[in-house]
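Notes for the one structure printed next.
The values are calculated or read from the model by the stated rules, or taken from the named source; none is laboratory data. Everything numeric in this text was worked out from a predicted model, so none of it was measured. Cβ: placed from backbone, ideal geometry, glycine included. Neighbour counts: every protein chain shown. Side chains included, ligands, DNA and RNA excluded: accessible areas come from the protein's heavy atoms. Shrake-Rupley method; radii C 1.70, N 1.55, O 1.52, S 1.80 Å.
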Amino acid sequence: KAQVNVSPNSVNYTTLKAAFNAINAGTHTGAIIISISGNTTETDSCVINASGTGAASYSSITMSPTGAAARTIQGNINGNFIVFNGADNFTINGLNSGGNSLTISNSNAGLLATTLRFFDDASGNTVTNCAIKGSSISNLVGTIQFQRGTTTGNDNNTISSCDIGPEGAALPFCAIYSTGLNVSVANNNNTITGCNIFDYFSAASISYGILLTSTGNSTWSITNNKF
């Protein structure tokens, strides 16, 4: 069953990965709208490339649930689940209004499991009004992971009004983790605001709600969150 619609050139897809692959292939261009009309189960990483990489060509991407119902994008990936691979100007808005809501969940408890990964200079992206769930038993990755950049860093991204917690009984060791390449290619000017960050715990090691490493992070804004 088609659960994901992408426009322009309205096409329905059964998975988010298939939709991302189509965008990466240039099937949809310009100001792209992704509508999530049902739950999807993903069996592999969902990677959205930067505009200009290969055939990908877009000015912006907006993804939201539709149909006045709760929607879930779920996977069991011991790796990076949804990856902003240098992608810019991508907004995920779970709405949380009119019955619409969106959960993005990676149930894998492996050492490499992330739910959202910002990578390779992904900048100007927003994730808001969503539930983001993950359960990695490593404090070197987060449910939301900001990884190294190559030229500028992953800059000017916003995580707002999200519930960031575990998937099931396995608690993540770290909710949000960021490490940059160096002081010149740092993850700069990112914002974490109005989020509920909860149930991150390890009895055997240090656990973190938010960890910004001493290498390659600067001028973050972290405000009005609940831990």
**OP:** Can you tell me which residue within the range 13-37, out of those that are farther than 15 Å from residue 102 by Cβ and part of a strand (DSSP E or B), is least open to solvent (accessible area, probe 1.4 Å)?
**Re:** 32
Original post:
If you check 162, 174, which single one turns out to be touching a residue at least 60 places away in the same chain (Cβ under 8 Å) and either under 29 Å from residue 95 (Cβ atoms) or open to solvent by 40 Å² or more (accessible area, probe 1.4 Å) (or both)?
Top reply: 162
Original post:
Counting residues that are at pLDDT 95 or above and aliphatic (A, V, I, L, M), which strands (runs of 3 or more DSSP E) fully inside the range 154-227 reach at least 3?
Top reply: 208-212
Subject >> Single unsatisfied condition, residue 75 versus (1) surrounded by 23 or more Cβ atoms within 10 Å (Cβ to Cβ); (2) over 12 Å from the mean Cα position of the chain (by Cα); (3) more than 27 Å from residue 53 (Cβ to Cβ) >> reply: (3)
**OP:** Return the residue satisfying two criteria in turn: it lies in the range 38-72 and is touching a Ser or Thr at 6+ places or on another chain (Cβ under 9 Å) and β-branched (Val, Ile, Thr), and of such residues it is surrounded by the most Cβ atoms within 10 Å (Cβ to Cβ).
**Re:** 61
Original post:
Applying the selection to the range 132-143, what residues are in a loop (DSSP other than H, G, I, E, B) and open to solvent by less than 10 Å² (accessible area, probe 1.4 Å)?
Top reply: 134, 135, 136, 142, 143
